[in-house]
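Taking it in order: structure first as structure tokens, then the write-up.
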Amino acid sequence: MKLAARVSRITPSPTLAMTATAKAMAAQGIDVVDFSSGEPDFDTPEPVKAAAEAAIRAGFTKYTPSSGIDELRQAIIDKLQQEHGLRYEKPQVLVSCGAKHSLYNLAEACLEAGDEVIIPTPYWVSYADQALLNDATPVLLPTREADGYAINVDELLRSVTPRTKAIIVNSPCNPTGATYDPQTLQAVADIAVRHKLLIISDEIYDKILYDGAKHVSIATLGPEVAAQTVIINGVSKTYAMTGWRIGYAAGPKDVLTAMANIQSQSTSNPCSISQKAAVAALKLGGPFTEKMVVEFDRRRKVMVDRLNGIPGMTCRMPTGAFYAFPNIGGILGRRGQDGPIPSPQAFADHLLKHAHVAVVPGEPFGSKQHIRLSYATSMDAIQRGLDRIAAAVEKLTV
Ligand SMILES: Cc1ncc(COP(=O)(O)O)c(C=O)c1O
């Protein structure tokens, strides 16, 4: 079968692929420590499960309005108003099957051939591929570890061309764990307003913050900024609900209407039961997530400390999300049992094969110097996995 050309531009999600390989090895009885998965190991909160059960029992198992039930859209509007002072009407809010789906609807609604999308790099794996699937060109804007992965405003300005359509802002960031300060956000917002760029603000980790870091939504930096921003968020990370598939977008009415039309012709509504569960999740407010973040914080410190203790690795302390992103530059070029290890991909393959530890290599995030490890897993797994990585690195020869 001759496939559409756009298919050849993309690869399967490398994070999902690594997680699937680790799960397949575990199913064969191999004891794999999995640091690849981007999901909390916490169980979905009981009140959320109860709301889903009640929805099933009440027969809330049919199609819903394609853009999401009123109750959930209102809960999202209330959250954005209470936390950020932002005001949205229902037609400005669309509920989708996960934030990834929200981002895809947005890409499909706004991007076309000739458009450029600026993506601060390292970046979450799907941004570039979603742009490519919609015939647009990802423009990778490098950020540096030494600057805490802050966006360099001069470099951002130089990357804007007459074809630039959008810029992605992901704070806290997957994979770096960096959070942007309000000054950086203001500078990005000023440039976006001046050049009429769409701001895609992926705020999926807005509640997973450490060391006093505060989340600022770029949309709060003035009405003219909000008018060009689509906020993307969801319940996956904040409420340990990755499998329920509920994400949402909020932004200018014309963009959201276009996204809603695309959704109505492609997937229709997200799961009715999950929508009821998401209403219960948003009503939970802070305590569930705060408890989870206290535990992530403990694990973060242990993981980063242990990574920094491995010769050849250095790891910055992340201030958000739940990933460590160590620089493995000092390890690249060494030799393992199967030959030289020239790249993060080769190192990740080596760790999986010889140490039974799954990590995600940096390449799909736009880095040839890093690997990503999630610490949203048990302290025991962190200790065992780091023991194995340390032992595997020690065996490498120069
Ligand atoms: C930065 C970022 N955005 C969006 C998503 C998508 O989340 P979901 O589709 O589960 O809501 C993820 C998930 O890993 C992510 O890390």
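No lab work stands behind these numbers, since they all come straight from the coordinates. Quick caveat, the model's predicted, so the values are computed rather than measured. Note: ideal-geometry Cβ built from the backbone for every residue, glycine included; neighbour counts use all protein chains shown.
General observations
- Between 0 and 90°, nearest 10: helix 99-110 axis offset from the chain longest Cα axis: 60
- Residue with peak Gaussian network fluctuation, the chain [Cα springs, cutoff 10 Å], from Thr184, Thr314, Thr11: Thr11
- Working note: 222 nm ellipticity from helices only, DSSP H runs with n ≥ 4, each -39,500 (n - 2.57), summed and divided by the residues of the chain, gives -12500 deg cm²/dmol to the nearest 500.
- Residues of segment 284-322 with amide N under 20 Å of the 7 Å Cα→Cβ point at Asp387: 299-311
- For the chain, built as a Gaussian network whose Cα springs stay under 10 Å, the top-fluctuating residue of Ser374, Ser13, Ser102: Ser13
- Bridgeable lysines around Lys196 (alpha carbons under 21 Å apart, same-chain partners fewer than 8 residues away excluded): Lys165, Lys253.
- In plain terms, the residue of Val169, Val216 with the fewest other Cβ atoms within 10 Å comes first and the most crowded comes last, giving Val216, Val169.
- Rounded Å value of the spacing that divides the Cα centres of segment 23-54 and segment 242-275: 25
- Pairs exceeding a 22 Å alpha-carbon distance, out of Lys79/Lys301; Lys301/Lys395; Lys207/Lys283: Lys79/Lys301; Lys301/Lys395.
- For His195, His370, the sequence from fewest to most other C-beta atoms within 10 Å is His195, His370.
- Antiparallel content of DSSP bridges confined to segment 62-284, in %, to 5: 30
- Fewest-first sequence of Thr179, Thr377 by Cβ atoms within 10 Å of each Cβ: Thr377, Thr179
- A Förster radius of 45 Å combined with the Cβ-Cβ distance from Asp349 to Asp154 puts the calculated FRET efficiency at roughly 0.75.
- Choice from Pro318, Pro361, Pro142 showing the highest fluctuation, given a GNM over the chain with Cα pairs closer than 10 Å: Pro142
- A convex hull fitted to the Cα coordinates of the chain yields 154 cubic angstrom per residue.
- Cβ-defined net charge surrounding Ser268, 15 Å radius [Lys, Arg +1; Asp, Glu -1]: +2
- Net charge dipole size for the chain [Lys, Arg +1 and Asp, Glu -1 on Cβ; Debye, nearest 20]: 480
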